[in-house]
Amino acid sequence: MGKIKLLQGNEACAEGALYAGCTFFAGYPITPSTEVAEYMARRLPQIGGVFLQMEDEIAAMAAVIGGALTGCKSLTATSGPGFSLKQENMGFAMLTEVPCVIVNVMRGGPSTGVPTGPGQSDIMQCKWGTHGDHPAICLTPAYVQEIFSETVRAFNLSEKYRTPVIIAYDEIVGHMRERIEISDPGVLPVVQRPRPACPPAEYLPYDDSKGDVPPMANFFEGYRYHVTGLNHGPDGFPVNASPRIHTDELRLIRKVDSNRADIVKFEEYLLEDAEVAVFAYGVSGRSAKTAVNQVRSEGVKAGLFRPLTIWPFPEEQVAGLSGRVRKIIVPELSLGQIIHEVDRCSKGRCGIEGIHRVDGDPITPAQIVARIKEVM
Amino acid sequence: MAFDYSQYIRGGKLPHIWCPGCTYGIIFKSILRAVDSLKLPKDDIAMVSGIGCASRLPGYVDFNTLHTTHGRALPFATGIKMAKPDKHVLVVSGDGDATAIGGNHFIHACRRNIDLTVLVFNNYIYGMTGGQYSPATPTGHMAATMPYGNVDSPFDIPALAKGAGASFVARGTAFHATALDKLIVDAIQHKGLSVVEIINACPTTHGRRNKFKSPTDMLLWMKDTFMPVAAFEKLPPEKTAGKFPMGVLYRKEGVPEYCKTYYGLVERLKKQGEGRA
Ligand SMILES: Cc1ncc(C[n+]2csc(CCOP(=O)(O)OP(=O)(O)O)c2C)c(N)n1
Ligand code: SF4
Ligand SMILES: [Mg+2]
């Protein structure tokens, strides 16, 4: 048994990061994510790690990549407007394959929107936020306990695949307090980035001949290589108009795509005999579970599909589900984003209905119950 | 014996991308001579840049090198330095990179007085994108986006650095290259944020539009325009019109350096923790 604590989601995120071995945080205060920074500001100096409050979110993302290049597991946390500001440097980390974790505690938007209310309308930005084709991993925990364990998993995936990983949860889950267990060290797996085995003279930082994830040397270890946001060859130096650009960008995407079995995680709840399924994540997933329990007690055959990995999207699972149920209901705190992914994967095999809300309040179990009954 | 630059240049990475007549090559060599005179191990140096012609420099040198996004070299460098405070972190940035898109990072790095060596290559223009005006372009100068002459006012980069809190501020030029070696050495040795504004010539996008007949004319302009700060300060104001001082313009020792202060806190907390245990 680990340590039992009563923690807020944002605090559990910080605890998860520390469990995973995070020693570097850079951020800029923004509601509703600030508690992650405040917790790290207290803890990191105590363990000899680095805490930096930078001049803005662009700088925070840059500092995180700098820290990660020296070997630190690095974290930043933000919300809506700050998440937009981070995008260019997130793309830099994707192309240069620098592991790091970005937390986006979602609020309403666009612009300043509803800073103190929950939102789920950044979910496509989590996939497509930075320019250009790029890999995306995004995790969507819904419970404080899950925020802890998914943050550990986010660091693991980031190190293993050398790519930034986003954790996206909403204001409600971020601010809610729940009893959680902080696992003892060694209970949850903690992964380190692949390291070069060759001598420095032979090191090619972006050599893909032995696999899609090249080993990563840290700065100041004698490897003296070049990191650039320009498309680059195996030696890390810029290439222009070369077939390498095409194959290398395919590799970046393949790192994620061909490892779906490892990355995609979800909860299937009472789906075996379900006639109607609800597809929901984060706070909407919590409401959906309550709704499913309620209608089940009245004999209605409903179930829940709750993704913990939203990117890469659980395509295969949703495709399978759409062949087994009559309807998939998609409650989300946006005017319609993730529903299009569900629709894309269902290919018309079942009906798709959305419940959309952006007034700063969550979708209630009652709203979902009513819709399930309507479609039965 | 002639200086052996090849020990610091990555094999097979030359020729560089700079135009004939560009003065960046002169600065490149000055930096290598400065690093060599300090006998810094190459493994212990990180060189970080943003985007622009100047920012392509790190690609050629055999250090740990990082070519980042436009304007953001300083926060990347801050992350590296905070994680590895005993290493040397040099930043190379153009006038646009450092003071336009990166202006906010520039003043905050100065304010923190973090031990970075910031080399601002001021060629008074956005060279890489073809000669648009920058926050350093003198009023009246022609630029691709100031076709009637610049109506905007330039920054005084050393004054900006000093005002923001940098504890070492210097100015050198491509013409006075030997003197520049010493300024870079002093800047690297200084414990705190050091800024060296390095006056450069971009004949391709700036000189051409502004009545400089050749790259040599631009170097001669530097020769006539910049004078050692001690001599400059002795002259009456009427004699310094159109002239600028160079050398170490400002130096203050004993200003708290950010990494030192931060790791001092870490030590203090460690002792407190041990006291409690
Ligand atoms: C976010 C962003 N905006 C604009 C650009 C385009 N851009 C590339 S270099 C540059 C200006 C560089 O000027 P300077 O920093 O003075 O360097 P120089 O080329 O003169 O050495 C600009 C505007 C960019 N790369 N990124
Ligand atoms: S455009 Fe100007 S700054 Fe850029 S390489 Fe050519 S001369 Fe140098
Ligand atoms: Mg310039």
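Read phi for every residue in segment A:193-206 and hand back ³J(HN,Hα) as whole Hz from Karplus 6.51 cos²θ - 1.76 cosθ + 1.60, θ = phi - 60°, with x for Gly and Pro.
My calculation for segment A:193-206 gives 4, x, 10, x, 9, 8, x, x, 4, 9, 6, 10, x, 10 Hz in order.
I'd like the antiparallel share, as a percent to the nearest 5, of DSSP beta bridges with both residues in the protein assembly as shown.
25 percent
Scattering from the C-alpha atoms of chain A alone, worked out with Debye: what is log10 I(q)/I(0) at q = 0.13, 0.14 1/Å?
The calculated log intensity ratios at q = 0.13, 0.14 Å⁻¹ are -1.03, -1.16.
Give, to the nearest whole percent, the P(r) tail of segment B:173-277 beyond 18 angstrom, counting all Cα pairs.
65 percent
Dividing the Cα convex hull volume of segment B:5-276 by residue count, how many Å³ per residue is that?
It is 134 Å³ per residue.
Among A:Asp262, B:Asp186, A:Asp170, B:Asp97, which comes first, then next, by fewest other beta-carbon atoms within 10 Å?
So the ranking, lowest neighbour count to highest, is A:Asp262, B:Asp186, A:Asp170, B:Asp97.
Provide Rg over Rh for segment A:162-306; use the alpha carbon set for both Rg and the Kirkwood Rh (inverse mean inverse pair distance).
1.14
Of all DSSP beta bridges located in segment B:86-206, what percent are antiparallel, nearest 5?
So the antiparallel bridges in segment B:86-206 amount to around 10 percent.
Taking beta carbons within 10 Å but only from partner chains, what does the mean come to for residues A:89-96?
Taking all residues of A:89-96 together, the mean is 2.
Using the alpha carbons of segment B:122-172, what is the convex hull volume per residue in cubic angstrom, as a whole number?
Details: hull volume 4.2 nm³, N = 51.
Cα convex hull per residue, to the nearest whole number: 82 Å³.
Based solely on its DSSP helices, what 222 nm [θ] is calculated for the protein assembly as shown when runs of n ≥ 4 H residues each add -39,500 (n - 2.57) and the sum is averaged over all residues, nearest 500 deg cm²/dmol?
-11500 deg cm²/dmol
Fewest Cβ neighbours within 10 Å first, please rank A:Met90, A:Met106 accordingly.
Arranged by neighbour count, lowest to highest, A:Met90, A:Met106 become A:Met90, A:Met106.
Give me the distance between the Cα centres of segment B:77-143 and segment B:200-277, rounded to whole Å.
Between the Cα centres of segment B:77-143 and segment B:200-277 lies a distance of 11 Å.
For segment A:80-129 and segment B:147-163, what is the separation of their C-alpha centers, rounded to whole Å?
34 Å
Over 19 Å, how big is the tail of the calculated P(r) for segment B:1-156, in percent of all Cα pairs?
On the way: 6696 of 12090 pairs.
That fraction is 55 percent.
Please state the Cα pair-distance histogram of segment A:265-375 with 10 angstrom bins from zero: what percent is in each bin?
Spelled out per bin, shortest first, that is 16, 54, 28, 2.
Which of B:Met227, A:Met1 comes first, and how do the rest follow, when ranked by fewest Cβ neighbours within 10 Å?
Ranking B:Met227, A:Met1 by Cβ neighbours within 10 Å, fewest first, gives A:Met1, B:Met227.
Once you sort the root eigenvalues of the Cα gyration tensor of segment A:200-260 as a ≥ b ≥ c, which label holds: rounded (a/c under 1.5), prolate (a/b larger than b/c) or oblate (the other case)?
oblate
Normalized C-alpha radius of gyration of the protein assembly as shown, against 2.2 N^0.38 Å?
1.06
Go from 0 up to the bin containing the longest alpha carbon distance in segment A:3-182, width 5 Å each, and give me the % of pairs per bin.
1, 10, 20, 24, 23, 14, 6, 1, 0
Read the figures in this text as sums done on the coordinates, not as results from a lab. Note that the structure is predicted; figures quoted are calculated from it, not measured. Because the Cβ atoms are built from the backbone with ideal geometry, glycine has one as well, and the counts that use them run over all protein chains shown.
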